[in-house]
Amino acid sequence: MHAPLPTTDAKITAHEFCLFFGKIQALRNITLDVRRNSILGIIGPSGSGKTSFLRAINRLNDLHPACHTEGLLQLDQTDIYHPQCDPVALRKRIGMVFALPIPLPLNIYENVVYGPRLGHHCPPRAELDMLVERSLRAAFLWDEVKDRLHTSGLRLSGGQQQRLCLARVLAMQAEVILLDEPCSGLDPISTAKIEEALTTLKAQHTIVLVTNNTKQAARVADETAFFLMGELVEHGPTQKLFTVPDDPRTNDYVTGRFG
Amino acid sequence: MRVPPKYTQMAAITLLGGATLLTLAVLVFIIAFVLEKGLPGVTWTFLSAEPQDMGRAGGIFPIIVGTLLLPLLALVIALPLGVGSAVYLCEYTRETRLTRVIRFGTDCLAGIPSIIFGLFGLVFFVGILHLGWSLLSGGLTLAIMILPTIIRTSEEALRAVPYAYREVSCSMGATRWETVRRVVLPNALPGIVTGVMLGLGRCISETAAVIFTAGTVAAMPTSAFDSVRTMAVHFYLLAREGISNEKAYGTAAVLILAVLLVNLAAYWMMHAFIRRRAR
């Protein structure tokens, strides 16, 4: 279906990956690579397994009591679901922005340093201050909040909250950033700011972006994958997927004929 | 025929407002009644002197001390145990038949009359453990008595913290404990404080279980093995034995003011904490 990518270039590799919640199978034999320093857009109708796949990468599905997996899912050629893989250490390398902006009920500063402060090693104050400024700048939020870093994150507007969530992930200095429909509740201007941030961020990060907005995938993703009912229908360069898709179902979806 | 919404709305406001007003009136009446009868007897001497002649004369100083120490001891024992159990049940276990049985059990325990706990304390702490009628026996008994309340209210408070916060914290590489300590517990604090205040109130107002386990000695305790008398017990004995109505009401007035003060202090502390966290 798509040209095989050289393995060394792959940050995340899924091979025949299946995910189950109890008896329900959420993902079926997903095989795909996410290239280092690229943005992979995942599109598909609700219930197609986009979010489940995203949450499989940082093992957040583990919170579900009856979740289990089959097949292989790798980060840097290391099996994420290997019994010796520590999910807590794994999640420190993978940041996630959720569909709804969920600032922790702390002030803006504390929200951003939440990640860096976890674990044994807590960076000194000066380093944290720098990290806060750098992360908020990268999320295009610094100018709006620099004078009120110690007000609650919950006081910000929806769009600002979502950029705070992005800044919080950037401060973790994670290698991979997962975004689960990050703009679903945002106005076009906030959306544009987040998209602008993403295109800059791929220089340092590998980004997986789940979106219900096919146009968004077309705008920012280098490659796009189309999920349908737990299966990967098609995966390829964004341009190709949106103009000359191999699969008729993909064609129907991107042209808005169903979904 | 349908009554127009304008009138049903008026009726609702009248009924609901009336219910609130009635509740408040009863409360104010009781407090005013006790304070009116008791306050004239509350003098500096009454607060600072030892009781004399079984409480007919003198003051209630050792009894105030007993009223402070006994619930405090109960709280020191019950708070870490109760909040700890609640955190374990809520954050570290999955909902299974066992946790449902435990929850049902604590609910039942919370509804057991205090005198049963008193009887247990009398047999177990006073008798079998040979702690005698003492501050320690009383404190342990009251701690057991308020544990179910603290566990259940804390658990409800923990459950009320949005699940999304836990998910976010977890997704950033926090361990379960880091999530509990940094996000869940601080947000559940107001609810936990409410539960603790309920427990504290029960301890302060308790008579039966206290008489059974801490005794009724109205003297200054010098160790945890000394018997103490609380204001509620003092009031009960003075009124029940017909020793002195005046002193009984005086004690009641001090008790009401003390409970009010404790509540005010707790809420002030809690709000100060919340303000400091999220401005």
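Every number here is computed from the coordinates shown, using simple stated rules; none is lab data. Everything numeric here is computed off the predicted structure, so don't read it as measured data. Quick reminder, even Gly has a Cβ in these numbers, built from the backbone with ideal geometry, and neighbours come from all protein chains shown.
Using 0.36 nm times the number of residues separating A:Glu127 and A:Arg148, minus their current alpha carbon distance, what extension gain do you get?
5.7 nm
Whole-Hz ³J(HN,Hα) for each residue in the range B:179-184, computed from phi via Karplus 6.51 cos²θ - 1.76 cosθ + 1.60 with θ = phi - 60°, x for glycine and proline: what do you get?
4, 4, 6, 8, 10, 6
With +1 on the Cβ of every Lys and Arg and -1 on the Cβ of every Asp and Glu, and nothing else charged, how large is the dipole of the range A:7-254 about its Cα centre, in debye rounded to the nearest 20?
540 debye
Non-local amide H neighbours of A:Met96 (under 5 Å, H modeled in plane, Pro and chain starts lacking H): which ones?
When sequence neighbours closer than 5 places are left aside, the close amide H contacts are A:Leu178.
Rounding to the nearest 20 debye, state how big the charge dipole of the protein assembly as shown is about its Cα centre with +1 on each Lys and Arg Cβ and -1 on each Asp and Glu Cβ. Let's see the in-between values first.
Numbers: 49 positive and 42 negative charges, 149 e Å.
Using only the charged Cβ atoms, the result is roughly 720 debye.
Hey, can you grab everything whose amide H is under 5 Å from the amide H of A:Leu106? Only 5+ residues off in sequence or another chain; H modelled, so Pro and N-termini drop out.
Result for A:Leu106 returns A:Gly153, A:Leu154.
Answer rounded, prolate or oblate for the range A:119-259, using the Cα gyration tensor with square roots of eigenvalues a ≥ b ≥ c: rounded when a/c is under 1.5, else prolate when a/b is larger than b/c, else oblate.
Values: a/c = 2.81, a/b = 2.07, b/c = 1.36.
Note, shape of the range A:119-259 comes out prolate.
When the C-alpha atoms of the range A:7-254 are aligned to their principal axes, what extent does each axis show, in angstrom, from largest down?
Largest to smallest, the principal-axis extents are 52, 42, 34 Å.
Given a Förster distance of 30 angstrom, what is the FRET efficiency for B:Ile30 paired with B:Ile115, based on the Cβ-Cβ distance and rounded to 0.05?
0.80
Of B:Trp177, B:Ile144, B:Ser154, whose Cα points farthest to the positive end of the dipole of chain B (charges on the beta-carbon: +1 Lys, Arg; -1 Asp, Glu; origin at the Cα centre)?
Of the listed residues, the answer is B:Trp177.
Angle, helix B:231-240 long axis vs. longest principal axis of chain B, Cα atoms, 0 to 90°, nearest 10?
The answer is roughly 50 degrees.
Going 7 Å from the Cα of B:Ala265 in the Cα-to-Cβ direction, what parts of the range B:170-210 have a backbone nitrogen less than 18 Å from that spot?
Label zone hits: B:193-206.
For an R0 of 25 angstrom, estimate the FRET efficiency from the Cβ-Cβ distance between A:Arg134 and A:Leu63 and round to the nearest 0.05.
Between A:Arg134 and A:Leu63 the formula returns 0.25.
Report the antiparallel proportion of the DSSP beta bridges in the protein assembly as shown as a percent, rounded to a multiple of 5.
Of all bridge pairs located within the protein assembly as shown, approximately 60 percent are antiparallel.
Let me check I've understood the local charge: for B:Val217, count other residues with C-beta under 14 angstrom from its C-beta, Lys and Arg +1, Asp and Glu -1. What total comes out?
-1
For chain B, what does the relative contact order come out to in percent, with C-alpha contacts under 8 Å and a separation of six or more?
Taking the mean separation of contacting Cα pairs over the length of chain B, I get 27 percent.
Just to be sure I understand: of the beta bridges DSSP finds with both ends in chain A, what percent are antiparallel, rounded to 5?
Bridges in chain A that DSSP calls antiparallel: roughly 60 percent.
From the phi of every residue in the range A:151-160, what ³J(HN,Hα) in whole Hz does the Karplus formula 6.51 cos²θ - 1.76 cosθ + 1.60 yield, where θ is phi - 60° and glycine or proline is x?
Result, rounded to whole Hz: 9, 4, x, 6, 7, 6, 6, x, x, 5.
Given a cut-off of 27 Å, name the pairs among A:Lys146/A:Lys193; A:Lys92/A:Lys215; A:Lys11/A:Lys146; A:Lys50/A:Lys215; A:Lys92/A:Lys193; A:Lys193/A:Lys215 whose C-alpha atoms lie farther apart than that in the structure shown.
Correct reply: A:Lys92/A:Lys215; A:Lys11/A:Lys146.
How far apart, in nanometres, would the label points at B:Glu246 and A:Asp252 be if each is projected 7 angstrom from Cα along the Cα-to-Cβ direction?
Result for the modelled spin labels: 9.5 nm.
Apply the Karplus parameterisation 6.51 cos²θ - 1.76 cosθ + 1.60, with θ equal to phi minus 60°, to every residue of the range A:180-195 and state each ³J(HN,Hα) to the nearest whole Hz, in sequence, with x for glycine and proline.
Residue by residue, the range A:180-195 yields 9, 6, x, 10, 5, x, 10, 6, x, 6, 4, 4, 4, 5, 5, 5 Hz.
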